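Trainee: Let me begin by handing over the structure; questions about it come next.
What follows is calculated from the coordinates using simple rules that are stated; it is not laboratory data. Quantities reported herein were computed from a predicted structural model and do not represent experimental measurements. With ideal geometry, Cβ positions are generated from the backbone for all residues, glycine too; neighbour counts draw on all protein chains shown.
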Amino acid sequence: MARTIHAALLGAGTVGGGVYRLLERREGEMVNKLGAALEIKTILVRDAKKPRAGIPPEKLTERFEDILSDPEIDIVIELMGGIDPAKRYVEEALAAGKHVVTANKDLLAEHGFELAETAAARGLDLRFEASVAGGIPILTPLMTCLEGNDITEVMGIVNGTTNFILTRMTNEGTDFADALREAQALGFAEADPTADVEGLDAARKVAILASLAFHSHVTFSDVPTVGITKITAKDIGYAREMGYVIKLIGIARSTNGEIEVGVSPMMIPKRHPLASVNDSFNAVFVHGDALDDAMFQGRGAGAFPTASAVVGDLIAVSRDILAGCNGRVRLNPYRGLPLQSRGNAAHRFYLRLRVEDRPGILASVAGVLGNNDVGISQVIQKQRTEDDAEIVVITDRVQTRHMEDALTIFGSMSVIRDVSSVIRVYSEKP
Ligand SMILES: NC(=O)c1ccc[n+]([C@@H]2O[C@H](COP(=O)([O-])OP(=O)(O)OC[C@H]3O[C@@H](n4cnc5c(N)ncnc54)[C@H](OP(=O)(O)O)[C@@H]3O)[C@@H](O)[C@H]2O)c1
C-alpha cells in the first residue's frame, strides 16, 4: 500500500479551487507518478459555510490551528494572498516543521529572504513558482536548469491585465479608459485596477526575478515603478511609425557588479520577441552567458494555469519528502550585489513635446539636448494646429540625470507648451 502525503490549502478561491480540481484530475496516476498518493486533507477559508463547487464541505475549516496542530499534514499550500495573516501562517507552518508552497508575490517580494532563511535553517522546502508569471515555469528554471549561467538580464511582460489593455490600444486604437473598462468586463482587470495599471503587481514580480537571477537581495520597495495610465493612442501611433511597440516591461539587469531594476512602459523594437506577446499573455526573456537568449511564454494567471505551477511545486516537495532531501533548492543571496543609483542608469528615451510653431524651435530643442549630453537618434516634427506643432525625439543611450536636467530646462522655456510624454526605449545591454 503506497504512502499518502497530506497537504492543506490556505484558501479555496480562484487558485485554491483550481489546485483542488487539478489534483482530482491527476489522482488516478499520482501513485505511479510519485510513488505516493497526494491528498488535500484540510482547507482553510474565511467562511466555511459558503458552498464551493467540487470541494467537500467536511474538509473546510475557519481555524488555522486545525492545520498547524495536525501532525499528518506535511505541506501547507498558501493561496490566500496579502501579507497578513499569510506571513504569520507561513512562519507558523515552517516553525511546526511543515513545508510551504505559495503563489503569494506580495509576501515573497517583501519577506522572501527571511522566510527562505527560516525554511533553510530547518531543512524545509519553500517553493513559490506560481508567484511570478502564473503558469509559466520561470523561477524553478532560474534556480535549477539555468544555474550554470551568469544571468545578466531578465525582462518581461509579467502582468496580463496591462498587456491586454495595451494590446487593445495598439490594435484597435482604443483609448486607455475604454480598454480598461473592456478588461474589467471580461474579468481580466479587478474592480480596483491600481496594482495592475500602476505597475505595482509587476514590480513585485521583478523583485522576485532579480533576487533569484542575481543571487542578491531585491525587494518590492527597491523597484522604481511607472504605470500605463498616461500612455495615449498618439504615443502608440508614433511608436509604430518609428518601428516600436509599447509594452509594460519589468526589467532586471546586472551591469558592472550593480543591479538595475524597474517597471515602466517601454518602446520595444518590433523585431524583439517580447513585441509580439499580446492580449493577456505573459513572457519572460532571459539572457545568460552560456544560454544566450531564451524566452518563456504562456498564461500568467487563471485558475488552472496557476494551479499547474502550484501542483508542480507540490509534487517536487513530495518527491523530496519521499527521498528525504528537502531544502536543496533555495533563494540564496550569496552575491549581495548593490542596486544602481537611479541617476546613473543609462537609457534611451522617447520624448513628445508640444511646441509653438515658429522657425528655429527644433534647433532650440536639439541645442538643449546637446548641451546636456543627450544625443538624438530619431526625430519627427508634425503640425498640430496653426500655431502649435509636435516634436518627437528618440535619444541615444543617455544617463537618466542628464535627461532629467534637459527636461527641467524644457519646463522653463516659453516656446515649449508641454512635455507630453517621456517613455523609455529598449536598448540592448551595453
Ligand atoms: N488568481 C490568479 O490568477 C493568480 C495568479 C498567480 C498568483 N496568484 C496569487 O494566488 C493567491 C490567491 O489568489 P486567488 O486569486 O485565488 O485569491 P481569491 O480568489 O481571493 O481567494 C482567496 C482565498 O483565501 C481565503 N482567505 C483569504 N483571507 C483569509 C483569511 N484571513 N483566513 C482564511 N481564509 C482566507 C478566501 O476565503 P473565502 O473564500 O472564505 O473568502 C479565499 O478562499 C494570491 O497570493 C495571488 O496573488 C493568483
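Trainee: At 222 nm, what value in deg cm²/dmol follows for the chain if DSSP H runs of at least 4 each add -39500 (n - 2.57) and the sum is divided by all its residues, to the nearest 500? It would help to have the intermediate numbers written out before the result.
Mentor: Working: 14 runs with 150 residues, N = 430.
Using -39500 (n - 2.57) per qualifying helix, the result is -10500 deg cm²/dmol.
Trainee: By the scheme Lys and Arg +1, Asp and Glu -1, what is the net charge of all other residues having a beta-carbon under 9 Å from that of Arg417?
Mentor: On the way: positive: Arg354; negative: Glu356, Asp388, Asp418.
Taking every other residue near Arg417 into account, the sum is -2.
Trainee: If Lys and Arg each add +1 and Asp and Glu each add -1, what is the summed charge of the other residues whose beta carbon sits under 9 Å from the beta carbon of Ile43? Before the final figure, lay out each step's value.
Mentor: On the way: positive: Lys41, Arg52, Lys59; negative: none.
Within the 9 Å Cβ shell, the charges total +3.
Trainee: Quick one: which residues, 5+ away or cross-chain, put their amide H under 5 Å from the amide H of Thr255? H built at 1.01 Å from N.
Mentor: Hits under the 5 Å cutoff: Glu260.
Trainee: Now a separate question. Amide H of Ser377 versus every other amide H placed in the peptide plane: which residues, excluding those fewer than 5 positions away on the same chain, fall under 5 Å?
Mentor: Correct list: Ile394, Thr395, Asp396.
Trainee: Rounded, prolate or oblate: pick one for the stretch 371-420, where a ≥ b ≥ c are the square roots of the eigenvalues of its C-alpha gyration tensor, a/c under 1.5 means rounded, and failing that, prolate if a/b is larger than b/c, else oblate. Display every interim value, and only then the final one.
Mentor: Values: a/c = 3.16, a/b = 1.49, b/c = 2.12.
Cα axes put the stretch 371-420 in the oblate bin.
Trainee: If a/c stays under 1.5 just call it rounded; otherwise compare a/b with b/c (prolate if a/b is bigger, oblate if not). Do that for the stretch 25-131, with a ≥ b ≥ c from the square roots of the Cα gyration tensor eigenvalues. Please list the in-between numbers first.
Mentor: Working: a/c = 1.64, a/b = 1.22, b/c = 1.35.
The shape class here is oblate.
Trainee: How large are Rg and Dmax for the chain when only the alpha carbon atoms are used, in Å?
Mentor: Values for the chain (Cα only, Rg and Dmax): 24.3, 88 Å.
Trainee: Another question, then. Taking θ = phi - 60°, what integer Hz values does the Karplus form 6.51 cos²θ - 1.76 cosθ + 1.60 yield along the stretch 374-389, in sequence order, with x for Gly and Pro?
Mentor: These are the phi-based 3J(HN,Hα) values: 9, x, 9, 9, 9, 8, 10, 10, 9, 6, 9, 10, 4, 10, 9, 10 Hz.
Trainee: Which log10 I(q)/I(0) values does the stretch 147-298 give at q = 0.10, 0.16 Å⁻¹ under the Debye formula, counting every alpha carbon as one identical point scatterer?
Mentor: -0.34, -0.84
Trainee: Same structure again: Please list, ordered by chain and number, the residues whose modelled amide H lies under 5 Å from the amide H of Val218; skip anything fewer than 5 residues away on the same chain.
Mentor: Amide H to amide H, under 5 Å and 5 or more residues apart or across chains, Val218 pairs with Ser211.
Trainee: Also, quick follow-up: Can you flag which of Lys105/Lys230; Lys41/Lys105; Lys33/Lys59; Lys49/Lys87; Lys41/Lys98; Lys105/Lys247 are past 23 Å Cα-Cα? Please report the intermediate quantities before stating the final value.
Mentor: Values: Lys105/Lys230 26 Å; Lys41/Lys105 25 Å; Lys33/Lys59 25 Å; Lys49/Lys87 25 Å; Lys41/Lys98 14 Å; Lys105/Lys247 21 Å.
Listed pairs above 23 Å: Lys105/Lys230; Lys41/Lys105; Lys33/Lys59; Lys49/Lys87.
Trainee: Continuing with this model, one more query. Explain nothing, just compute: Karplus ³J(HN,Hα) = 6.51 cos²θ - 1.76 cosθ + 1.60, θ = phi - 60°, for every residue of the stretch 130-147 in order, whole Hz, x for Gly and Pro.
Mentor: Running phi through 6.51 cos²θ - 1.76 cosθ + 1.60 with θ = phi - 60° gives 6, 6, 10, 6, x, x, 7, x, 9, 6, 4, x, 4, 7, 10, 4, 9, 4 Hz.
Trainee: Within the set of other residues whose C-beta is less than 12 Å from the C-beta of Thr229, count the net charge using Lys and Arg as +1 and Asp and Glu as -1. Each step should come with its number before you reach the end.
Mentor: Numbers: positive: Lys230; negative: Asp175, Asp196, Glu198.
Here the count lands on -2.
Trainee: Moving on. Can you run phi through the Karplus equation (6.51, -1.76, 1.60; θ = phi - 60°) for the stretch 153-162 and list ³J(HN,Hα) in whole Hz, with x for Gly and Pro?
Mentor: 8, 10, 9, x, 9, 10, 9, x, 4, 5
Trainee: If a/c stays under 1.5 just call it rounded; otherwise compare a/b with b/c (prolate if a/b is bigger, oblate if not). Do that for the stretch 166-247, with a ≥ b ≥ c from the square roots of the Cα gyration tensor eigenvalues. Write out the running numbers ahead of the final one.
Mentor: Values: a/c = 2.80, a/b = 1.55, b/c = 1.81.
Judged from the Cα gyration tensor, the stretch 166-247 comes out oblate (a/c at least 1.5, b/c at or above a/b).
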